[in-house]
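Enquirer: Starting off with a structure, shown below.
Derivation of every value follows stated rules applied to the coordinates shown; laboratory data play no part. Because the structure is predicted, anything quoted here is derived from the model rather than measured. With ideal geometry, Cβ positions are generated from the backbone for all residues, glycine too; neighbour counts draw on all protein chains shown.
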Amino acid sequence: ATLRVHGWLPNTALAAPDADWLRVYGSDAASVGAVCSELPEWGLPMHPALPYPLGVAAHAARHEMARCTEDVLARRTRALFLDARAAAECAPAVAAVLAMELQRDSAWAAQDAAAFQQLALGYQLDA
């Protein structure tokens, strides 16, 4: 018997030319895509410089135990490491999605986004 890691798909199932960013989700790609289509804005990019749609934040909160903006932008998407400035710029939108999913208020979202933006300064080469 073969033990497969969560998310495993056969090589033939990896083709997703219209949404290459979905490939990293493996067998969860359909679930991520479904969440991203729930609201029109969730299908839009978090930031023009990043490959992820905003709905990834909702999926991360629901299915991957993301509890803050840093969880989404550093640990789930790795956006912080791809482009720290872009990640900082989209932090308020990501925090707003998380606030909605986690039933938090707008003050929590503002504080969480600000905390992430402060963290992101340490990853910007020209900060």
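Enquirer: With semi-axes √(5λ) of the Cα gyration tensor in Å in mind, check (1) 26, 17, 14; (2) 31, 14, 13; (3) 28, 21, 12 and report the label derived from this structure.
Expert: Comparing each candidate, only (1) matches the computed number.
Enquirer: Return the FRET efficiency for the residue pair A115, T2: r is the Cβ-Cβ distance, R0 is 35 Å, and the value is rounded to the nearest 0.05.
Expert: 0.25
Enquirer: Which one, L9, A87, A120, projects farthest toward the positive side of the charge dipole computed for the chain from Cβ point charges (K/R +1, D/E -1)?
Expert: L9
Enquirer: When only C-alpha pairs under 8 Å and at least 6 residues apart count, what is the relative contact order of region 44-127, in percent? All intermediate terms of the calculation are to be shown ahead of the outcome.
Expert: Numbers: 108 pairs, mean separation 25.1, N = 84.
Rounded, it is 30 percent for region 44-127.
Enquirer: If one takes the longest principal axis of the Cα atoms in the chain, at what angle in degrees, from 0 to 90 and to the nearest 10, does the Cα axis of helix 84-102 lie?
Expert: Its long axis makes an angle of about 80 degrees.
Enquirer: What is the sum of charges, Lys and Arg at +1 and Asp and Glu at -1, for the other residues whose Cβ falls under 13 Å from the Cβ of A84?
Expert: Numbers: positive: R78, R85; negative: E70, D83, E89, D126.
Summing Lys/Arg as +1 and Asp/Glu as -1 gives -2.
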